[in-house]
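Please read the structure below before turning to the comments.
The values are calculated or read from the model by the stated rules, or taken from the named source; none is laboratory data. Note that the coordinates shown come from a computational prediction; the quantities given were computed from them, not determined experimentally. Note that each Cβ is placed from the backbone with ideal geometry, even for glycine, and that neighbours are counted across all protein chains shown.
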Amino acid sequence: MQKALPVFWKYGFARTTLPDLELATGVNKSGLYSEFESKEALFLACLRYYLDTRSGGAFLVAEPLGWDNIQKFLEEAPGCALDQRGCFSVNSMRELSGLPPEARKVIVDSRAKLKRLLKANIASENPKMDVDVVCDLVAVFFSGICIEANLNTDRSRARHKIENFMQMLRAA
């Protein structure tokens, strides 16, 4: 999965071919199919693996809860240890209609968990605005900054946008 994940990340589900996966993993077609019944099953395993091992969520459970946790989480979003850009889950949402149905459920469940964590951090700050509204704004900003990371590798620009966004949130 560690070798297949970057391939799906780079090409997306639809454009990833079995020869791409064979080349990246060093495992032939029959070996891949003996471990995973299909490309869909391998993609789903990679998605689950990514969601289980990404580090950003740990920021959102750190005590004390609050804006600092959200800022650290957002700063982690544009890149990752796998030398890929953005967030694999967010990138995968771009092709939701072509993903295996179970992948859609995994992504939706992951987003719901993310929103619960964001909401707890936001609520701890007692914002003037409605907590759910602020939570939605943060979730959309997170998706946007992840997608934008695919276009621009300059993390300093992303950090500047995050700082401005956090300044706005703290005033909200």
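Numerical summary
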item	result
Residue in the range 72-82 that is among the aromatic types (Phe, Trp, Tyr) and farther than 23 Å from residue 167 by Cα present	no
Hits in the range 9-24 - residues which are within 19 Å of residue 100 (Cβ to Cβ) and touching a Leu at 6+ places or on another chain (Cβ under 8 Å)	9, 13, 18, 21
Residue satisfying all of: in the range 132-172; under 19 Å from the mean Cα position of the chain (by Cα) and not in a helix (DSSP H, G or I); surrounded by the most Cβ atoms within 10 Å (Cβ to Cβ) among these	150
Of all residues in the range 1-47 being out of contact with any Asp or Glu (no Cβ under 8 Å at 6 or more places or on another chain) and of a type in the set (S, T, N, Q), the one that is surrounded by the most Cβ atoms within 10 Å (Cβ to Cβ)	16
Residue under evaluation residue 129, criteria (1) under 17 Å from the mean Cα position of the chain (by Cα); (2) without any contact (Cβ under 8 Å) to a residue 60 or more places away in the chain, criterion not met	(1)
Contacts under 6 angstrom Cβ, first residue in the range 28-39 being in the same structural domain as residue 100 (by TED's automatic domain parsing) and among the small types (Gly, Ala, Ser), partner surrounded by fewer than 15 Cβ atoms within 10 Å (Cβ to Cβ) and assigned to a helix (DSSP H, G or I), 6 or more apart	none
Those helices (runs of 4 or more DSSP H) lying entirely in the range 5-120 with at least 1 residues of a type in the set (Val, Ile, Thr) and under 20 Å from residue 150 (Cα atoms)	5-15, 88-93
Cross-chain or 6+ apart pairs with Cβ under 8 Å, the range 48-67 first and without any contact (Cβ under 8 Å) to a residue 12 or more places away in the chain and surrounded by 13 or more Cβ atoms within 10 Å (Cβ to Cβ), then small (Gly, Ala, Ser) and assigned to a helix (DSSP H, G or I)	none
